[in-house]
Structures are given as structure tokens and as C-alpha cells.
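Colleague: Sharing a structure below in C-alpha cells format, with a few things to ask.
The values are calculated or read from the model by the stated rules, or taken from the named source; none is laboratory data. Just so you know, these numbers come straight off a predicted model, no measurement behind them. No Cβ is skipped: glycine too gets one built from the backbone with ideal geometry, and neighbour counts run over all protein chains shown. Areas reflect the complete protein model, heavy atoms only, side chains present, ligands, DNA and RNA absent. Shrake-Rupley method; radii C 1.70, N 1.55, O 1.52, S 1.80 Å.
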Amino acid sequence: MIRANTDRKWLPLYEALASGVRLHILELLAGQPMNVKELASALGLSSAIVTMHTKKLEKGGLIHTQLVRRGGGTHKICSLAVSRV
């Protein structure tokens, strides 16, 4: 669980939470880890845009990402890093 306050060190967290798209990504990841292409498809956005959003979520400490080799390619798998904020 993250407990934040008004200290400036929490700005990345607040920025991560300040987007409807990023909140939707968190909702999707609450169900299961997903790769960027799966998230992009579910959101109706490009993989490049979703990658930008996942970077902000990761910087805010809300998700983890890892590269996984699967099916002859490399996938960026996203999962929640916290259970509550």
C-alpha cells in the first residue's frame, strides 16, 4: 500500500493518477497482468501511447513491467505493483 502526502517526492504518483486512461489501465491490470498490445487493444489506443502511459504508471510506483520472451517475440508484461493507494 502507498501512503502519500503533499511532499514533492509524490508528484510522479499524482501525475500517474491524473489521467482517465491510466486509471483504466490500473482497472484492467487489477484483473490480470497484460502486455502492452493487449492493453492497447482493450483501450482502443496505439501501443506507443499505451507505452507512454505505462511508463508514467511505473514511475509513479503503481505498476511493474518486465520483458518476457514468448511465442517468438518479446512482450512487455505489466502488472500492479501495489494493492491500494
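Colleague: Out of all the residues in segment 1-21, which are in a helix (DSSP H, G or I) and either of a type in the set (V, I, T) or touching a residue at least 60 places away in the same chain (Cβ under 8 Å) (or both)?
Modeller: The answer is L13, L17, V21.
Colleague: Okay, moving on. Within segment 34-85, how many residues are in a strand (DSSP E or B), surrounded by 13 or more Cβ atoms within 10 Å (Cβ to Cβ) and charged (D, E, K, R)?
Modeller: 1
Colleague: Consider only pairs whose beta carbons are under 8 Å apart and that are at least six residues apart or on different chains; among these, list those whose first residue lies in segment 68-85 and is within 20 Å of K55 (Cβ to Cβ) and whose second residue is modelled with pLDDT under 85 and open to solvent by 90 Å² or more (accessible area, probe 1.4 Å).
Modeller: V82/M1; V85/M1
Colleague: Across segment 18-33, what is the number of residues that are buried (at least 16 other Cβ atoms within 10 Å of the Cβ) and closer than 15 Å to G61 by Cβ?
Modeller: Within segment 18-33, residues that are buried (at least 16 other Cβ atoms within 10 Å of the Cβ) and closer than 15 Å to G61 by Cβ number 4.
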